[in-house]
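The values are calculated or read from the model by the stated rules, or taken from the named source; none is laboratory data. Predicted model, so just to flag it, every value in this text is computed and none were measured. A quick note on method: Cβ atoms are made from the backbone with ideal geometry, for glycine too, and the neighbour counts reach across all protein chains shown. Side chains are part of the model used for accessible areas, which takes the heavy atoms of the whole protein and leaves out ligands, DNA and RNA. Shrake-Rupley method; radii C 1.70, N 1.55, O 1.52, S 1.80 Å.
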Amino acid sequence: MKALQKAFNIHSHKINKIEVIKNSKTAQEAYDMLETYAVNGFDSVPPEDKSYFLKCFGIYYRPATPEKFMLKLRIPGGFMTAEQARVIGECSLEFGQDYIDLTTRQQCELRYLTIESLPPIIKRLNAVGVSAFQTGVDNIRGIVADPFDDLAFDNVIPSHGTLLRLQDIFLEKPEWISTLPRKFNTSITGNLSNRCNVYGNDCCFALAQKDGVFGYNLYLGGRVGMLAKSADIFLKNEEEVLAAFSATIELFKRYGFRDNRNKSRLYFLIASVGMQEMANSIREHAGIEFAHAGETMTTMNYIEADHGKIQLRDGTFGVHVVVPSGIFKGSSFIKAAELAIKHGNGELRFDMEQSFYFMGVKDLNALLQEDYFLEYKNIDTPYKNHLIACAGTEHCPFGVIENKNDAISMAEYLDEKVPLESGRVRMYWSACVKGCGIHGLGDIGFEGCKAKIEGINREGVHIFLGGKLSGESTEGQTVIKSVPLEYAKLYVESLMLEYKRLRNEGEDFESFHTRVLSYYTRAYVGFVMMLKAYLRAKNIDIVCGFETKVLTGKNEEFEVFELGRKLYYHLTKKEPYSSYERFTPGNKREKLTDIRKLVPGTDEVIALMLEYMLNPNERLRAVVFSEITPYILLYNITKSID
């Protein structure tokens, strides 16, 4: 472990401001004052308790809601009883304006809570086994897992019991409350399908097999924008999982960096010493020579939400309830608890897409006939069925855009403009770069940002494509940056029109991206999204988009020329040049005929853009899409009309 010590020493010359606050007292001291704060009122809460210490117990002060707090609850693996759901719902209804957020980590959050209401709420929650301990800041957060675990037909190793034993290592233990350099996220699944974003955590235990033995492969270092990587460790049983986990968190606690808070996650420690050194240190610290990694088996996509149900091993069903953007109500939770007892086995399960399932349902029709499904769909449109959106500006100080209703608004717009009878489109929205909406893993991801129009900041998004949950997951990449929100829906509409036109029967967007879009550069995809929106706005009927056979080899210069050639041909029914050689005119002396002469009334912007894309002089020709993007900005159309 000399390498870990050396890396730590390099970063130990100073500590960040949060570490200074953490050294001023223990988090427990702040928590022990909660009753006193409730008696004396909001103004009696010290700034450091509001900004940090109370967050260790899930109590978040949100300036966006003055003098009101959010309470983040720990729901292990998304498992919840009807009694727990009822009490959470009652607390929300009585104290929190009947509002609940469901999260991408299978948790839920109560909002609009006064300091006076927190002690009685916490007592009522604790009475039914619901804790908020260590759900914020520098703690081991709620552990995510497959919501169906051993009840699913694709389960190989039941993991919920192991999850609870992992949790017992640190939960409500003083030595683990606010003692890490930064937050620490954990996942575990013994299933073939990736229903919990298993690879998106600091420490991940994914189903694997080695030499005919089933266990888990260990992955480490996941964070926003960065999936965890294999530690080349295979864990053959529960005891090895517990030992590897204990070693990992103890090493992170001892050697994790505390100087720069933006670079203090486990990822940065691993980046400093290398994964092999980290794995060797885990083996040494645990005192176990863990085997090298086996074959990872958690590689399948999940399908339950698309069918509204999942058949369980005991012959009953888990029945899906869509909660777009995770915007839920306490009263709805109370009703869900009643229905869980009436029609199911009294259990509910949260998933990673801010929705939930009734478990143990025998009579599907009886449940689905309940009025509950008039408000919350069992199967919604393909645009809402997998919709994720984090808190946004209404509740989060880091949010750049409102987010939740932005996501719903776009989903409804797309359903109106490009209705899909079937299909699967996972749209994941994060209100800022922190990525709580896991936008990088969406088929289409949105990251809130500021977008300037004539120097004036507007609410906008960066648009990502290509996130995947299949395999060992894949982070999406940006195709268009800083898009004003009012135009983003038009660009995504372009994409959905192409998906609808080219998709194979039953093909989801992830597969469509792999089969079609992945053969183009990101710049080409983004430009076509914008170009098609421009053409629709100008009522120009030109066939342009994507093809299933691509010859440009993801060479952007070739793509620019070939797209220009096709646009010219579609407008004139003539080729711009008599011959071609590697996506350039074959005859260097041949001139480009002005398209305005061939097609009078051609849109001037398109004519100018084509001249640039097809200029016979290579030195004067556009070679990247960023050179021609200004021609087709939708804002310019609005400006010219004004």
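Quick notes
- Tally of residues being among the polar types (S, T, N, Q) and over 32 Å from the mean Cα position of the chain (by Cα) across the stretch 542-578: 2
- Hey, TYR413 at pLDDT 95 or above and out of contact with any Leu (no Cβ under 8 Å at 6 or more places or on another chain) or not: yes
- Close contacts from the stretch 422-439, counting a first residue that is within 14 Å of ASN197 (Cα to Cα) and touching a residue at least 60 places away in the same chain (Cβ under 8 Å) and a second that is surrounded by fewer than 24 Cβ atoms within 10 Å (Cβ to Cβ) and not charged (D, E, K, R), with Cβ to Cβ under 6 Å and a gap of 6+ residues or different chains, come to GLY435/VAL224.
- Answer residue from the stretch 1-22, given it is more than 15 Å from SER264 (Cβ to Cβ) and open to solvent by 90 Å² or more (accessible area, probe 1.4 Å) and is farthest from the chain's Cα centre (by Cα) among those: LYS2
Per-residue answers, yes or no, for (1) hydroxyl-bearing (Ser, Thr, Tyr); (2) surrounded by fewer than 23 Cβ atoms within 10 Å (Cβ to Cβ); (3) modelled with pLDDT of 95 or more; (4) more than 22 Å from GLU289 (Cα to Cα):
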| position | (1), (2), (3), (4) |
| --- | --- |
| SER193 | yes, no, yes, yes |
| VAL198 | no, no, yes, yes |
| ASN201 | no, no, yes, yes |
| GLN209 | no, yes, yes, no |
| TYR216 | yes, no, yes, no |
| TYR219 | yes, no, yes, no |
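- Elements of type helices (runs of 4 or more DSSP H) in the stretch 544-637, at least 3 residues being touching a Gly at 6+ places or on another chain (Cβ under 9 Å) and under 30 Å from ALA488 (Cα atoms): 604-613
- Set side by side, the residues SER281, SER264 differ, and just one is more than 25 Å from CYS196 (Cβ to Cβ), open to solvent by less than 40 Å² (accessible area, probe 1.4 Å) and among the polar types (S, T, N, Q), which is SER281.
- Test: residue in the stretch 316-329 that is part of a loop (DSSP other than H, G, I, E, B), free of Cβ contacts under 8 Å to residues at least 60 places away in the same chain, touching a strand residue (DSSP E or B) at 6+ places or on another chain (Cβ under 9 Å) and of a type in the set (Ser, Thr, Tyr): yes
- For the stretch 70-87, taking the residues that are of a type in the set (A, V, I, L, M, F, W, C) and within 15 Å of GLY346 (Cβ to Cβ), the one that is most open to solvent (accessible area, probe 1.4 Å) is identified as PHE79.
- Verdict on ILE121 being among the β-branched types (Val, Ile, Thr), touching a Cys at 6+ places or on another chain (Cβ under 6 Å) and assigned to a helix (DSSP H, G or I): yes
- Residue ID - most open to solvent (accessible area, probe 1.4 Å), chosen from residues in the stretch 284-298 that are in a helix (DSSP H, G or I) and in contact with a helix residue (DSSP H, G or I) (Cβ under 8 Å, 6 or more places away or on another chain): HIS285
- Within the stretch 44-69, the residues that satisfy the criterion of being open to solvent by 50 Å² or more (accessible area, probe 1.4 Å) and at pLDDT below 95 are PRO63, ALA64, PRO66.
- ALA271 vs. criteria outside any loop (DSSP other than H, G, I, E, B), within 25 Å of the chain's Cα centre (by Cα), small (Gly, Ala, Ser) and surrounded by fewer than 19 Cβ atoms within 10 Å (Cβ to Cβ): yes
- Restricting the stretch 548-564 to residues that are among the charged types (D, E, K, R) and in contact with a Phe, Trp or Tyr (Cβ under 8 Å, 6 or more places away or on another chain) leaves a set whose member that is farthest from ASN504 (Cα to Cα) is GLU557.
- Just one residue in the set GLU375, GLU394, GLU402 is open to solvent by 30 Å² or more (accessible area, probe 1.4 Å) and in contact with a Ser or Thr (Cβ under 6 Å, 6 or more places away or on another chain); that residue is GLU402.
- Whether a residue is of a type in the set (A, V, I, L, M), outside any helix (DSSP H, G or I) and surrounded by fewer than 20 Cβ atoms within 10 Å (Cβ to Cβ) was assessed, and ILE310 does not pass this test.
- Selection count where residues are of a type outside the set (Lys, Arg) and assigned to a loop (DSSP other than H, G, I, E, B), scope the stretch 28-62: 6
- Residues of the stretch 331-356 that are open to solvent by 10 Å² or more (accessible area, probe 1.4 Å) and either hydroxyl-bearing (Ser, Thr, Tyr) or assigned to a helix (DSSP H, G or I) (or both): SER331, ILE334, LYS335, GLU338, ILE341, LYS342, HIS343.
- The set of residues from the stretch 539-561 being open to solvent by 60 Å² or more (accessible area, probe 1.4 Å) and touching a Lys or Arg at 6+ places or on another chain (Cβ under 9 Å) comprises VAL543, THR548, GLU557.
- When restricted to residues that are crowded, with 22+ Cβ neighbours inside 10 Å and either closer than 19 Å to LYS22 by Cβ or among the polar types (S, T, N, Q) (or both), the stretch 138-154 contains 3.
- Checked against (1) within 20 Å of ARG105 (Cα to Cα); (2) in contact with a strand residue (DSSP E or B) (Cβ under 7 Å, 6 or more places away or on another chain), ASP150 meets all criteria but (2).
- Any strands (runs of 3 or more DSSP E) falling wholly within the stretch 434-538 and containing at least 2 residues that are surrounded by fewer than 24 Cβ atoms within 10 Å (Cβ to Cβ) and hydrophobic (A, V, I, L, M, F, W, C): 444-453, 456-465
- Contacts under 9 angstrom Cβ, first residue in the stretch 583-595 being farther than 18 Å from VAL560 by Cα and open to solvent by 60 Å² or more (accessible area, probe 1.4 Å), partner polar (S, T, N, Q) and not in a loop (DSSP other than H, G, I, E, B), 6 or more apart: THR593/THR572
- Within the stretch 155-191, the set of residues being open to solvent by less than 20 Å² (accessible area, probe 1.4 Å), among the β-branched types (Val, Ile, Thr) and under 23 Å from GLU250 (Cβ atoms) comprises THR162, ILE177, THR186, ILE188.
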